[in-house]
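Structure record follows, encoded as structure tokens.
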Amino acid sequence: MSALPPEVQLAVQALLTAYCAAIDRRADAYEAAAYFADDGVLDNTALGSPLVQGRTALIEAIGGVFSTMAGLEHYLTNFMVTECSGDVVQAQAYVQAHGRPVAGEAFSMRGIYRLEGRRKGAAWQIERLTFQPFP
Amino acid sequence: MSALPPEVQLAVQALLTAYCAAIDRRADAYEAAAYFADDGVLDNTALGSPLVQGRTALIEAIGGVFSTMAGLEHYLTNFMVTECSGDVVQAQAYVQAHGRPVAGEAFSMRGIYRLEGRRKGAAWQIERLTFQPFP
Amino acid sequence: MSALPPEVQLAVQALLTAYCAAIDRRADAYEAAAYFADDGVLDNTALGSPLVQGRTALIEAIGGVFSTMAGLEHYLTNFMVTECSGDVVQAQAYVQAHGRPVAGEAFSMRGIYRLEGRRKGAAWQIERLTFQPFP
């Protein structure tokens with residue numbers, strides 16, 4: 001991976017960080033979904049959530065989360081690009097997440113985000129984001 | 001933000017990381033305050049602390065923290081440059097902090113550091129550092 | 001440190017991140033030990049572990065950890081290169097670690113990894129990795 005250009009690594013890391021910032025602001029589901037490609041996939045099936053695919057479904061799913069959560073925090077660490085060829089990149093990061101529902105008890109999760117990204121023009125987009133809890 | 005040079009992003013991240021390392025060492029208030037500009041501002045008003053402005057006031061305030069704390073840890077994640085124009089930068093990071101007072105009970109906090117930085121010669125300095133707790 | 005090339009900083013950070021990923025996968029002690037130099041040193045003496053030196057001893061020690069642990073997570077933050085001259089680098093990172101033994105209770109630790117790295121060809125290797133718990 002030593003040949004990975006620094007600007008690519010930092011751009012993909014910035015993509016995931018900006019997406020999590022939009023999620024944690026809980027303000028605008030359109031803005032958060034815009035970090036995905038048109039047919040992007042959010043895979044939280046390990047948490048029992050249905051697979052979400054496509055911009056419209058993403059906006060709806062993220063909006064649903066925003067309406068039920070009074071607090072969200074996603075702490076990203078251990079960012080690592082695991083594959084990069086041309087305009088496609090595979091990366092991962094550890095995540096410690098804290099959630100506080102509008103109704104119900106606060107919870108915490110720890111796991112790995114696996115990210116497939118694709119360059120589109122000057123920007124990078126999420127093709128697929130999968131959460132894998134630590135066992 | 002794709003045009004942000006990697007060396008600028010890493011330098012501003014290194015500035016905040018080095019400042020927190022100096023705080024967590026609790027050894028030298030002059031060293032910690034030196035990461036600020038001459039008229040730099042530390043805004044922990046969200047925690048009930050008075051606004052601290054200027055090198056002399058910063059040294060005094062930081063020295064006061066050092067004399068009352070037996071342990072400090074600031075875990076920085078989710079670093080993101082949100083604006084950059086010339087020699088001025090706006091950035092943020094998530095922070096999970098743990099404190100252990102000389103007298104009293106240990107505590108933890110989670111929130112966002114908002115950083116205004118300015119390039120001064122080859123180095124970057126903190127113009128303003130604001131802590132905003134997660135709700 | 002402003003003259004440190006971004007690709008060096010990112011490569012050394014990637015070295016520590018990849019090593020921790022290999023440790024946390026608990027799958028292959030050879031793979032994890034391969035991030036060390038031939039005569040590399042793992043210094044967890046602050047935890048009461050004996051000093052481990054050399055590839056063979058590292059494989060054995062890491063394999064021993066894998067056989068007793070059912071879960072390992074090392075969250076790395078606050079990465080900082082503190083010295084860099086030619087092909088040798090000193091760096092540090094904060095680490096929050098969680099362990100779940102096969103038998104016994106889960107535990108957590110917080111501290112600083114101090115890393116001595118050396119460039120070998122296109123790659124970087126760990127010369128010495130020392131864990132220093134926060135007081």
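When residue B:114 is represented by a point 7 angstrom out along its Cα-to-C-beta vector, the spacings to that point in the other copies are 3.8, 3.8 nm, nearest first.
For region C:6-125, the calculated P(r) over all alpha carbon pairs, in 5 Å bins from 0 to the bin holding the longest distance, is 2, 11, 20, 25, 23, 12, 5, 2, 0, 0 percent.
The ranking of B:84, B:20 from fewest to most other beta carbons within 10 Å of each one's beta carbon is B:84, B:20.
Remind me, what semi-axes does region A:67-135 give for its equivalent ellipsoid, largest first in whole Å, using sqrt of 5 times each Cα gyration tensor eigenvalue?
Working: eigenvalues 159, 42, 14 Å².
Its equivalent ellipsoid spans semi-axes of 28, 14, 8 Å.
For chain B, averaging the sequence separation of C-alpha pairs within contact (under 8 Å, six or more residues apart) and dividing by the residue count gives a relative contact order of 23 percent.
Peptide C:90-97 has a mean of 3 when you count, residue by residue, the C-beta atoms of other protein chains within 10 Å of its C-beta.
Shielding of A:72-84 by partners, i.e. mean partner chain Cβ atoms within 10 Å per residue? Spell out each step's value before the answer.
On the way: counts 1, 9, 3, 11, 6, 18, 14, 5, 6, 2, 2, 0, 0.
For peptide A:72-84, the averaged partner shielding equals 6.
Axis-proximal residue of chain A for the rotation onto chain C, reported as residue and distance in whole Å: A:6, 2, based on Cβ position.
Taking every residue in B:5-13 and counting other chain Cβ atoms within 10 Å of its Cβ, the average works out to 6. Among A:42, A:72, C:47, the order by Cβ neighbours within 10 angstrom, fewest to most, reads C:47, A:72, A:42. Starting from the Cα gyration tensor of the protein assembly as shown, take the square roots of the eigenvalues, sort them a ≥ b ≥ c, and report rounded, prolate or oblate (rounded when a/c is under 1.5, otherwise prolate if a/b is larger than b/c, else oblate). Taking the square roots of the gyration eigenvalues as a ≥ b ≥ c, the protein assembly as shown is rounded.
Relative contact order (percent) for region C:1-69, with alpha-carbon contacts under 8 angstrom and 6 or more residues of separation?
Details: 54 pairs, mean separation 17.8, N = 69.
Contact order relative to length: 26 percent.
Label points for residue C:85 are taken 7 Å from Cα along Cα→Cβ. From this copy to the others they lie 4.3, 4.3 nm apart, shortest first.
Binning the alpha carbon pair distances of region C:3-46 at 5 angstrom intervals from zero yields the distribution 5, 19, 22, 24, 17, 9, 4, 0, expressed in whole percent. Under 5 Å between amide hydrogens, built in the peptide plane, is the criterion, and for residue B:128 it picks out B:41, B:116 among residues at least 5 positions away or on other chains.
3J(HN,Hα) along region C:81-97, derived from phi through the Karplus expression 6.51 cos²θ - 1.76 cosθ + 1.60 where θ = phi - 60°, amounts to 7, 9, 7, 8, 9, x, 9, 10, 9, 10, 9, 8, 8, 7, 9, 10, 10 Hz, with x in place of Gly and Pro. Of the residues A:43, C:24, the one with the fewest other Cβ atoms within 10 Å heads the list, and the complete ranking is A:43, C:24. Compare the Cα positions of A:9, A:54, A:20 along the charge dipole of region A:1-78 (+1 at Cβ of Lys, Arg; -1 at Cβ of Asp, Glu; about the Cα centre) and return the one farthest towards the positive end. Of the candidates, A:20 comes out farthest on the positive side. Comparing Cα centroids, region B:58-132 and region C:83-106 end up 23 angstrom apart. Taking every DSSP helix (H) stretch of at least 4 residues in the protein assembly as shown, weighting each as -39,500 (n - 2.57) and dividing the sum by the residue count yields a mean residue ellipticity at 222 nm of -9000 deg cm²/dmol.
Here the label points at residue B:82 and residue C:53, each 7 Å from Cα along the C-beta direction, are separated by 5.0 nm in the simple model.
Bear in mind these aren't lab numbers, they're just calculated from the coordinates by the rules spelled out. Just so it is clear, the structure is predicted and the values come from calculations on it, not from any experiment. A quick note on method: Cβ atoms are made from the backbone with ideal geometry, for glycine too, and the neighbour counts reach across all protein chains shown.
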